[in-house]
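**Student:** The structure under discussion is supplied below as structure tokens; questions concerning it will follow.
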Amino acid sequence: MNEHTHFSAGTEARRGLPSRPWSPGEDRRQEMLVRYLGAVAAAAAKHVGAEEQPQPAPQSGASGPAPQATPSAQRAGPAPAAGMPLVRDVMDVPAVSLRDDLPYREIARLLAREHVGALPVVDVEDRVVGVVSESDLLAKVAFEASGHRPGRVGRLRERRLSGKAKGETAADLMTSPAITVLPGATVAEAAWLAALSRLKRIPVTDRQDRLVGVVGRDALLQALIRDDAAIQAEVEDSIRAVCTPGDFKAVEVTVHDGIVELAGRVPSATGSRIVAEVEAIADVAEVKNLLTAA
């Protein structure tokens, strides 16, 4: 091995090493992250499938204005399956918010007091009109400190940022419209929206845009990633639904970190149905099929 090849091999090996020593429980944390991403990906796939379904044509002779499109996160969609956790089950209530006329110095104090990076902005009727964040405040301070002013033919983005930096209230500084979610949305849909929008917290509103709560990414993670006992209970219920009582008793189920192991002797066709049912469960990371044909 020449010097160049030796150096290249060493560089490649170092790339495979973590940049810092793994802390206790790092393997577990990464496993949870992978399962969380899998659940978000499944939610995204379902959402895209719903988007591609043809919409029913309006009835002939129907009068009145055409229905307006609503944001993706607030589209009603099909009813969630029984037992699927919903946003209302995991959201924080009451939700901290700020009024649109709150001065920016008070916004900074409120964000610091609540230990959050962003808060929803509401009007006098408690409707969410935007979100103001630490980055909005920092942008204002940075523009004021720099003294930069866009020229007459300045770029649109610079002019918009300059105008925003001159603002003194939440209404001037906020990002609008706000990305929100309905209480009846599933946690998988909310997690997909949080990942797509790179948000740590999403305001929860009713259909009149009034604030009813806020849901955080950590709460979505905990709701999506059930413990092994809960997964095993659902696996056993699914197996019971496709088996005779005798075959059900012959199947042994164990679950560890979302990995389901199936053992026992059942008819070949029954075994195939069992595996298909278990693989369809969202929280199942992997199925180890050790079933043998009876």
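**Student:** Filter the range 90-107 for residues that are part of a helix (DSSP H, G or I) and modelled with pLDDT under 90 and give the result.
**Tutor:** Restricting attention to the range 90-107, the residues satisfying the condition of being part of a helix (DSSP H, G or I) are 90, 104-107.
Matches in the range 90-107: Y104, R105.
**Student:** In the range 203-256, which residue that is in contact with a Gly (Cβ under 7 Å, 6 or more places away or on another chain) and of a type in the set (A, V, I, L, M) is modelled with the lowest pLDDT?
**Tutor:** I231
**Student:** Take the range 131-170 and flag every residue that is at pLDDT 85 or above, crowded, with 17+ Cβ neighbours inside 10 Å and either among the basic types (K, R) or within 27 Å of the chain's Cα centre (by Cα) (or both).
**Tutor:** Answer for the range 131-170, where residues must be at pLDDT 85 or above, crowded, with 17+ Cβ neighbours inside 10 Å and either among the basic types (K, R) or within 27 Å of the chain's Cα centre (by Cα) (or both): V131, V132, S133, A170.
**Student:** Among the residues that make up the range 206-221, is at least one of them buried (at least 18 other Cβ atoms within 10 Å of the Cβ) and either out of contact with any strand residue (DSSP E or B) (no Cβ under 8 Å at 6 or more places or on another chain) or among the basic types (K, R) (or both)?
**Tutor:** Checked against the condition, which is being buried (at least 18 other Cβ atoms within 10 Å of the Cβ) and either out of contact with any strand residue (DSSP E or B) (no Cβ under 8 Å at 6 or more places or on another chain) or among the basic types (K, R) (or both), the range 206-221 yields at least one hit.
**Student:** Can you tell me which residue within the range 171-201, out of those that are in contact (Cβ under 8 Å) with a residue 60 or more places away in the chain and assigned to a strand (DSSP E or B), is surrounded by the most Cβ atoms within 10 Å (Cβ to Cβ)?
**Tutor:** Ranking the candidates gives V181 first.
**Student:** Pick from the range 268-294 the residues that are in contact with a helix residue (DSSP H, G or I) (Cβ under 7 Å, 6 or more places away or on another chain), farther than 11 Å from V242 by Cβ and of a type outside the set (A, V, I, L, M, F, W, C): which of them is modelled with the lowest pLDDT?
**Tutor:** Taking the range 268-294 first, the residues in contact with a helix residue (DSSP H, G or I) (Cβ under 7 Å, 6 or more places away or on another chain) are 270, 273-274, 277-278, 281-285, 287, 289, 291, 293.
This time we only want the ones that are farther than 11 Å from V242 by Cβ, so: 281-285, 287, 289, 291, 293.
Okay, now just the ones that are also of a type outside the set (A, V, I, L, M, F, W, C), so 283, 289.
On the way: D283: 72, N289: 94.
Looking at residues that are in contact with a helix residue (DSSP H, G or I) (Cβ under 7 Å, 6 or more places away or on another chain), farther than 11 Å from V242 by Cβ and of a type outside the set (A, V, I, L, M, F, W, C), I get D283.
**Student:** Can you tell me how many residues in the range 236-294 are closer than 23 Å to L224 by Cβ and of a type in the set (S, T, N, Q)?
**Tutor:** 2
The values are calculated or read from the model by the stated rules, or taken from the named source; none is laboratory data. A quick note: this is a predicted structure, and the numbers were derived from the prediction, not measured. Please note: Cβ atoms are built from the backbone with ideal geometry, for glycine as well, and neighbour counts cover all protein chains shown.
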